[in-house]
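Read through the structure below, which is laid out as structure tokens, and then see the notes.
The values are calculated or read from the model by the stated rules, or taken from the named source; none is laboratory data. Owing to the predicted nature of the structure, the values given are computational and were not obtained by experimental measurement. As a convention, Cβ positions derive from the backbone with ideal geometry for all residues, glycine included, and neighbour counts pool all protein chains shown.
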Amino acid sequence: MVDLDALRGKYLANIAAAADEAALEEIRLAALGKKGEISLMMRELGGMAPEARQAAGARLNVLKDEIDAALRARKAGMADAALDARLAAEWLDVTLPGRPRRVGSIHPVSQVMDEVTAIFADMGFAVAEGPQVESDFFNFDALNIAPEHPARQEHDTFFMARAADDPRPPHVLRTHTSPVQIRAMQAQGAPIRVIAPGRVYRMDMDQTHAPMFHQIEGLAIGRDISMANLKWTLEEFFSAFFETKVRTRFRASHFPFTEPSAEVDIQCSWVNGQLRIGEGDGWLEVLGSGMVHPKVLASAGVDPEQWQGFAFGIGIDRLAMLKYGIPDLRAFFESDLRWLRHYGFAAGDVPTVHGGLSR
Ligand code: DAH
């Protein structure tokens, strides 16, 4: 019989040197497989004399178990090593400080637009929109502001370029949201109840004026809508917006697109240099309004014999300053991150009438 010690030595060395599990399997087949070296030797036992067979059989079994055990041990060792390697590679230092996630904020103007929109939506006003580059017709003519009307100068209009030989009046950056009244009535006819929030532009710049600012236009047209409805609507609005009962004062005024026209003040007081809305006997002008002029209805295709109603225009930036105590209008549009973080609002915290409007 072959030298079993030499066989043992060979297989144990091969097992120790195997590079991977596939190599181990090859060794197993070569030794213990059906046609493996050890298996064949076991088969040869049958031809031996009983005593020799018993001795050889026992030694072969011992060798077989030894190789088998060595294979298993090596295989387990490989799995452990693989796991160790994986653990080392996928190691994660959970004590590292997290990467800061910068969170943006909602600009006070957007916040106040949402607040105002929520209040008027609750009163049945839909949102209407119009372009910021507006035609001369919608911005002026249709609103009863004739070409020679002084209001055109007062509006400090930005004009778009036109070819020198183009006889048509140039488009303008809309000077107010009032042209959306015309567009909305043309599109929907009467009755109608809309608000139109948006950007407007005038050539003006100081502590309380910016060349771009924001307005919300309101329009309600029906069979018998009156100034009384306007007053109720505005008082309701301001009380909801400032979350305290706010009285209004109507002062006779003039706008080409309303007759009669009124400027509206809200009740306020100054206490130790601090403005309080809705108390005291001071007044603060906040908007222009009136009954929509018959000519304006007609130019929007609404029959003034059948329909009437009110309109108003509010400066949003002013409202934001008043409600949230922001002193300088220009800072609104300077994109200073410190300012935005200080005065901004949490994203996703959307104002609603039922969820609360103030932050
Ligand atoms: N469009 C006016 C402005 O920008 C504001 C205004 C006044 C709007 C009276 C109206 C209104 O709808 O009825 O100064």
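A few notes on this one:
- Selection from the range 300-322 of residues that are assigned to a loop (DSSP other than H, G, I, E, B) and out of contact with any helix residue (DSSP H, G or I) (no Cβ under 8 Å at 6 or more places or on another chain): Glu305, Gln306
- Qualifying residue in the range 323-335 (condition: in a loop (DSSP other than H, G, I, E, B), farther than 25 Å from Thr175 by Cα and hydrophobic (A, V, I, L, M, F, W, C)): no
- Residue within the range 239-247 that is part of a loop (DSSP other than H, G, I, E, B) and within 16 Å of the ligand (Cβ to nearest atom) present: no
- Test: residue in the range 138-149 that is within 14 Å of the ligand (Cβ to nearest atom) and modelled with pLDDT under 90: yes
- Filtered by the rule that a residue be in contact with a strand residue (DSSP E or B) (Cβ under 9 Å, 6 or more places away or on another chain) and charged (D, E, K, R), the range 296-330 gives Asp317, Arg318, Lys323, Arg330.
- All positions within the range 164-206 that are crowded, with 23+ Cβ neighbours inside 10 Å and more than 14 Å from the ligand (Cβ to nearest atom): none
- Residue within the range 207-228 that is in contact with a helix residue (DSSP H, G or I) (Cβ under 7 Å, 6 or more places away or on another chain), within 16 Å of the ligand (Cβ to nearest atom) and acidic (Asp, Glu) present: yes
- When residues of the range 291-312 are limited to those that are in contact (Cβ under 8 Å) with a residue 40 or more places away in the chain and among the small types (Gly, Ala, Ser), the one farthest from the ligand (Cβ to nearest atom): Gly301
- Verdict on Ala298 being surrounded by fewer than 23 Cβ atoms within 10 Å (Cβ to Cβ), assigned by TED's automatic domain parsing to the domain that holds Asp204, over 21 Å from Glu243 (Cβ atoms) and modelled with pLDDT of 95 or more: yes
- Yes/no for Val194 being assigned by TED's automatic domain parsing to the domain that holds Phe332, closer than 29 Å to Tyr324 by Cα, in a helix (DSSP H, G or I) and of a type in the set (A, V, I, L, M): no
Every residue, every condition in (1) of a type outside the set (D, E, K, R); (2) buried (at least 22 other Cβ atoms within 10 Å of the Cβ), yes or no:
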site: Leu234; (1), (2): yes, yes
site: Arg247; (1), (2): no, no
site: Thr258; (1), (2): yes, yes
site: Asp265; (1), (2): no, no
site: Ser269; (1), (2): yes, no
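- Helices (runs of 4 or more DSSP H) (entirely within the range 108-169) containing at least 3 residues that are farther than 30 Å from Lys323 by Cα: 136-139, 150-154
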